[in-house]
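K.L.:
Supplied in structure tokens, the structure appears directly below.
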Amino acid sequence: MSDSTTHDLVLLGSKLEVAAVCRETADAVSITFEVPSDLHAAFDHRAGQFITVAVPSERVPHVARCYSLSSPPGRGTTITVKRIEGGYASEWLTRNAEQGVWLQVLPPSGSFTVPDPGADVLLAAAGSGITPVMSILRWMMESGDGRVALFYANRDRESTIFAAELERMAREHPDRFSVFHWFEEERGLPSAEAISQWADELHEGDVWTCGPAPFMDVVAAAVIPNRHLHREEYRSLTNDPFEPEPPVSGTDTPGDEDAANVEVELDGKTHRLAWPRKKNLVEVLLEHGIEAPHACREGWCGSCTVHVDKGEVTMAATEGLDPDDQSDGYVLGCQALPTTDDLKVTFD
Ligand SMILES: Cc1cc2nc3c(=O)[nH]c(=O)nc-3n(C[C@H](O)[C@H](O)[C@H](O)COP(=O)(O)OP(=O)(O)OC[C@H]3O[C@@H](n4cnc5c(N)ncnc54)[C@H](O)[C@@H]3O)c2cc1C
């Protein structure tokens, strides 16, 4: 198969070729993309981030889905997808992704990241929630000296993604890494008591958790309030972040619209724009042909997190924003509306 995106519309993002596919378990595969050298900077990622993939579909041109990178920074662009019964994109990817398939992809984004590989951390994953956690773990073992403990829940041994590599890491770094496997087949669903017992015997690190929402709720009940909790929630996108916004006509002048002025730092470039007060920042940037990071555009994925250096904004939804980041001046570009006249914002 060569080119799998069949429609002619010029989409946002880049077409990447699948370089390799590795079967991890009966229903999970890792898919590695070839990133050409002119896209290396755009596709550099931080451990824990995700990319957004346009998955070909017979019903609509494509369906857009987010997939976390399991590869650590500097070691390629690999996602790990677990098939969900009746799920459109995961069924397609686990069946059809193979070397030579081309897919439209939006660059890495997201804020489920550990700031320092030297920190002590707790990781709690269930099922395919291991993917961003694996990227964090691989990165920390390679680049830092922090201690990492992983609680990892699965249905059974056979469905455990990365089982062999985790065992090898635990043997190679006995003083820095430990993994506690929980098999539901043997012990039922993980309980808050079991997780808090596991966490209590460990160092005082913050917690990064990814898995089904009920699992993360149990983790939250077990570790809060002692430790700061970072969650990555998997959902299917309902919008299409690959569709470009219709361009604004003429220049950057707002015409009759009431607008603020904004200076935007993005990918080493400075853009000076009018920011109509009823449009969010992502919308304004896309209308001007500027590819701001974005995915869900509903305020939950955190892709468009941006720092407000000057001025103020208001947001209708803040779910995708870590409370600490919010107090440090970060906002969600897809929700931000200007409330002052002159603003400056910077995308990390
Ligand atoms: C930030 C982020 C990172 C992610 N990372 C990963 C990752 O690393 N690995 C991974 O495997 N997934 C990941 N996901 C989840 C992924 O994006 C998809 O949500 C997942 O693959 C399911 O998509 P799907 O198209 O296969 O299923 P969908 O078609 O979205 O369906 C999901 C479920 O809903 C059911 N369903 C669908 N439509 C209906 C309907 N109309 N009525 C009733 N039921 C319905 C389906 O049967 C299925 O059980 C991530 C999500 C996010 C937001």
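The values are calculated or read from the model by the stated rules, or taken from the named source; none is laboratory data. Treat the numbers as computed from the prediction; the structure is a model and nothing was measured. Quick reminder, even Gly has a Cβ in these numbers, built from the backbone with ideal geometry, and neighbours come from all protein chains shown. Side chains are part of the model used for accessible areas, which takes the heavy atoms of the whole protein and leaves out ligands, DNA and RNA. Shrake-Rupley method; radii C 1.70, N 1.55, O 1.52, S 1.80 Å.
K.L.:
Out of Ala260, Ala292, report the one residue that is crowded, with 20+ Cβ neighbours inside 10 Å, assigned to a loop (DSSP other than H, G, I, E, B) and modelled with pLDDT of 90 or more. Even if it seems obvious, please write down each step before you answer.
P.N.:
Numbers: Ala260 fails: assigned to a loop (DSSP other than H, G, I, E, B).
Checking each option against the conditions leaves just Ala292.
K.L.:
Counting only residues that are among the β-branched types (Val, Ile, Thr) and modelled with pLDDT of 95 or more, give me the strands (runs of 3 or more DSSP E) lying completely in the stretch 19-124 with at least 3 of them.
P.N.:
The qualifying strands (runs of 3 or more DSSP E) are 28-34, 50-56, 77-82.
K.L.:
Within the stretch 263-289, take every residue that is over 14 Å from Asp342 (Cβ atoms) and among the acidic types (Asp, Glu) and give me the one that is least open to solvent (accessible area, probe 1.4 Å). Walk me through how you get there before you give the answer.
P.N.:
Our first condition is that a residue be over 14 Å from Asp342 (Cβ atoms); within the stretch 263-289, this holds for 265-271, 276, 278-289.
Imposing the further condition that a residue be among the acidic types (Asp, Glu) reduces the set to 265, 267, 283, 287.
Values: Glu265: 49, Asp267: 133, Glu283: 46, Glu287: 22 Å².
Of everything passing the filter in the stretch 263-289, Glu287 is least open to solvent (accessible area, probe 1.4 Å).
K.L.:
Return the pair list, or none, for Cβ contacts closer than 8 Å from residues in the stretch 285-300 that are touching a residue at least 24 places away in the same chain (Cβ under 8 Å) to residues that are of a type in the set (Lys, Arg), at least 6 apart or on different chains.
P.N.:
Going by the 8 Å Cβ cut-off, the qualifying pairs are Glu287/Lys279; Cys296/Arg235; Trp300/Arg235.
K.L.:
Evaluate the stretch 45-58: report whether one residue or more is more than 9 Å from the ligand (Cβ to nearest atom), open to solvent by less than 70 Å² (accessible area, probe 1.4 Å), out of contact with any helix residue (DSSP H, G or I) (no Cβ under 9 Å at 6 or more places or on another chain) and under 21 Å from Arg297 (Cβ atoms).
P.N.:
Yes: the stretch 45-58 contains one or more residues that are more than 9 Å from the ligand (Cβ to nearest atom), open to solvent by less than 70 Å² (accessible area, probe 1.4 Å), out of contact with any helix residue (DSSP H, G or I) (no Cβ under 9 Å at 6 or more places or on another chain) and under 21 Å from Arg297 (Cβ atoms).
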